[in-house]
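Student: Right, I'll just put the structure down here and ask away after.
The values are calculated or read from the model by the stated rules, or taken from the named source; none is laboratory data. All values derive from a computational prediction rather than experimental measurement. Because the Cβ atoms are built from the backbone with ideal geometry, glycine has one as well, and the counts that use them run over all protein chains shown. Side chains included, ligands, DNA and RNA excluded: accessible areas come from the protein's heavy atoms. Shrake-Rupley method; radii C 1.70, N 1.55, O 1.52, S 1.80 Å.
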Amino acid sequence: MPSFGLPEERPGGLDSPAAVRFIKIMARTQVRVFKLTNGRIGNKWRVGAGWKKPVPTLLLEHVGRKSGKRFLTPLLYLEDGPDLVVVASQGGLPKNPQWYPNLLAHPDTRVSLKGERDRPVRARAVSPEERDALWPRLVELYADFAKYASWTDREIPVVILGPR
C-alpha cells in the first residue's frame, strides 16, 4: 500500500502543545462546518491516505466522564451493516483519545452523519476476535491506521456504535 507521504516512524513534535492546539482548532472548525451544512461539507477526511481515497466522517457526541460536559468529535468510520465502526487511533500517539474513555463511561450517545443528525447509538469496545476481523477492513478504508499502530505501543481500540 502506498504511504501517501506519511513517514515510517512517528514524526517528532506530533504531541507538542502547538500541534495538539492546532489539531483541536481544526477539529472544532470541521464540527462547525459539518453542523452548518448538515454534513454536506466536512463528511470526508482527505488527509494522509484520505487524500487519494477520501474516508467518511461522522460527528460523535460524548459526555466527559469527569466534567459531564458534552463534546462533539469528528471521526472516520466504517459502515458494518447497521453498525458504525470507529478507531481510537489518535494519530498513533501514546495515549487513547479522550472520547474513548468517555464512551466507556457513557456508552449511550448520538452521532451525526451526512444528512442525518442525532442518530442514537450505543458504544462498545470490540472483542479481540471482532478486532481481528475488523482491523484489515479498517486499514483498507484508511491505510494510515496501520502506520499509527506501528507508531505506538498501545493496542489501538476499535469501537462499535450500534443502533439503540
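Student: Are there any pairs, at least 6 apart or on different chains, whose C-beta atoms fall under 9 Å, with the first in the stretch 66-93 and at negative phi and the second acidic (Asp, Glu) and in a strand (DSSP E or B), and if so, which?
Tutor: Arg70/Glu61; Phe71/Glu61; Leu72/Glu61; Thr73/Glu61; Val85/Glu79
Student: When the stretch 31-63 is examined, which residues are found to be open to solvent by less than 60 Å² (accessible area, probe 1.4 Å) and either part of a loop (DSSP other than H, G, I, E, B) or at pLDDT below 85 (or both)?
Tutor: If the condition is that a residue be open to solvent by less than 60 Å² (accessible area, probe 1.4 Å) and either part of a loop (DSSP other than H, G, I, E, B) or at pLDDT below 85 (or both), then Val31, Thr37, Asn38, Gly39, Gly42, Asn43, Gly48, Ala49, Gly50, Pro54 are the ones that fit.
Student: If you don't mind, there's one more thing I want to ask. Can you work out which of the residues in the stretch 98-137 that are assigned to a loop (DSSP other than H, G, I, E, B), modelled with pLDDT of 95 or more and open to solvent by less than 60 Å² (accessible area, probe 1.4 Å) is nearest to Arg164 (Cα to Cα)?
Tutor: Filtering first and then ranking leaves Pro107.
Student: Follow-up question, since we're still on this one. Of everything in the stretch 138-147, what is hydrophobic (A, V, I, L, M, F, W, C) and either out of contact with any Pro (no Cβ under 8 Å at 6 or more places or on another chain) or surrounded by fewer than 18 Cβ atoms within 10 Å (Cβ to Cβ) (or both)? Give them in sequence order.
Tutor: Once the filter is applied, which keeps residues that are hydrophobic (A, V, I, L, M, F, W, C) and either out of contact with any Pro (no Cβ under 8 Å at 6 or more places or on another chain) or surrounded by fewer than 18 Cβ atoms within 10 Å (Cβ to Cβ) (or both), the stretch 138-147 yields Leu138, Val139, Leu141, Phe145, Ala146.
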